[in-house]
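Heads up: the structure comes next, in structure tokens.
The values are calculated or read from the model by the stated rules, or taken from the named source; none is laboratory data. If you're wondering where the values come from, they're calculated on a predicted model, not measured in any experiment. Counting neighbours? That spans all protein chains shown, and the Cβs are built from the backbone with ideal geometry, glycine included. Side chains included, ligands, DNA and RNA excluded: accessible areas come from the protein's heavy atoms. Shrake-Rupley method; radii C 1.70, N 1.55, O 1.52, S 1.80 Å.
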Amino acid sequence: MLSPQRGSISTLCWGRGLALLSPLDTFRTMRGPVRWVLWDVKDTLLKVRRSVGEQYCTEAERAGLKLKSKQVEAAFREAYRQSSLLYPNYGIAQGMNGQVWWTGVVKSTFAQCGVQDPVLLDTLAKNLYQNFCGPDNWEVFPDSNSTLKSCTALGMKLGVVSNFDSRLEGVLRGCGLLTHFSFLLTSEGAGVSKPDVKIFTQALKKCGVPANNVAHVGDHYVNDYLTSRSLGIRGFLLDRHEQHEHQNVPAEHRLKSLEELPARLQQEVD
């Protein structure tokens with residue numbers, strides 16, 4: 001996940017079609033009960049179990065390679081950055097898909113580390129893509145399952161809006177979270193990625209209710225918080241480690257834990 005940029009709303013939202021309205025002003029205009037809660041996934045509901053460098057090195061060891069995780073991690077970050085710039089959102093606009101895109105990232109990562117054998121690169125890319133299809137390389141946060149259950153108990157429906165590829169359904173199924181959701185909207189499936197407001201517009205159509213009856217929870221200041229709020233959705237910024245320093249995010253919009261969310265939503269229901 002790319003790091004959120006700092007700055008004012010007007011500078012952060014350029015070119016994205018986001019309304020230049022402060023989150024606090026947007027909050028004040030919102031009324032009516034929450035009917036739907038939309039969720040980001042990575043670093044909100046679950047996280048990678050180990051660093052990418054470590055997991056890539058484990059797969060490399062199976063192929064007889066000895067690489068340093070820090071070197072692989074640095075190579076991965078560069079490969080990811082370059083691929084994201086050249087082929088954003090899994091290269092959908094260029095006729096690619098998630099598997100093709102990730103295959104390129106993996107091959108570029110190991111090529112930077114001196115691996116040149118094309119057959120070996122193909123094997124590493126195929127195996128690593130499969131490794132992240134299920135729950136083995138993912139860890140669910142302790143507060144995820146209980147919070148999803150609590151939201152459902154309040155009578156709310158749940159959906160996903162995530163910059164993820166087509167593997168998301170299998171990941172959530174393997175992690176025991178899939179049954180909570182009425183729909184999954186990935187950036188690969190939607191053809192656009194956050195912070196483009198169009199992915200949230202598609203989600204609102206699936207919800208079938210006005211934006212002010214919808215909440216969204218995510219850990220990214222721009223992708224999740226600013227973008228959802230620009231459409232009138234009640235965005236909440238998850239900040240587990242209190243690392244976000246954006247002063248324009250009111251305390252009532254911040255969550256230190258997902259466990260705080262049901263009480264916030266209950267106030268809206270009542």
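General remarks:
- Residue match in region 39-50 (condition: over 30 Å from residue 232 (Cβ atoms), polar (S, T, N, Q) and at pLDDT 95 or above): no
- Filter result (farther than 22 Å from residue 49 by Cβ, of a type in the set (Val, Ile, Thr) and open to solvent by less than 50 Å² (accessible area, probe 1.4 Å)) within region 156-208: 161, 192, 197, 199
- Pick from region 160-197, criterion among the basic types (Lys, Arg) and touching a residue at least 12 places away in the same chain (Cβ under 8 Å), ranking: farthest from residue 89 (Cα to Cα): 167
- Which listed residue is in contact with an Asp or Glu (Cβ under 6 Å, 6 or more places away or on another chain) and farther than 27 Å from residue 198 by Cβ, from 69, 108: 69
- If you go through region 59-114 and keep only what is out of contact with any Cys (no Cβ under 6 Å at 6 or more places or on another chain), of a type in the set (Val, Ile, Thr) and buried (at least 18 other Cβ atoms within 10 Å of the Cβ), you end up with 92, 103, 105, 106, 109.
- Close pairs from region 203-223: first aromatic (Phe, Trp, Tyr), partner open to solvent by 20 Å² or more (accessible area, probe 1.4 Å), Cβ under 8 Å, at least 6 apart: 221/4; 221/244; 221/246
- Failed criterion for residue 265 (all others in (1) at pLDDT below 95; (2) more than 26 Å from residue 173 (Cβ to Cβ) hold): (2)
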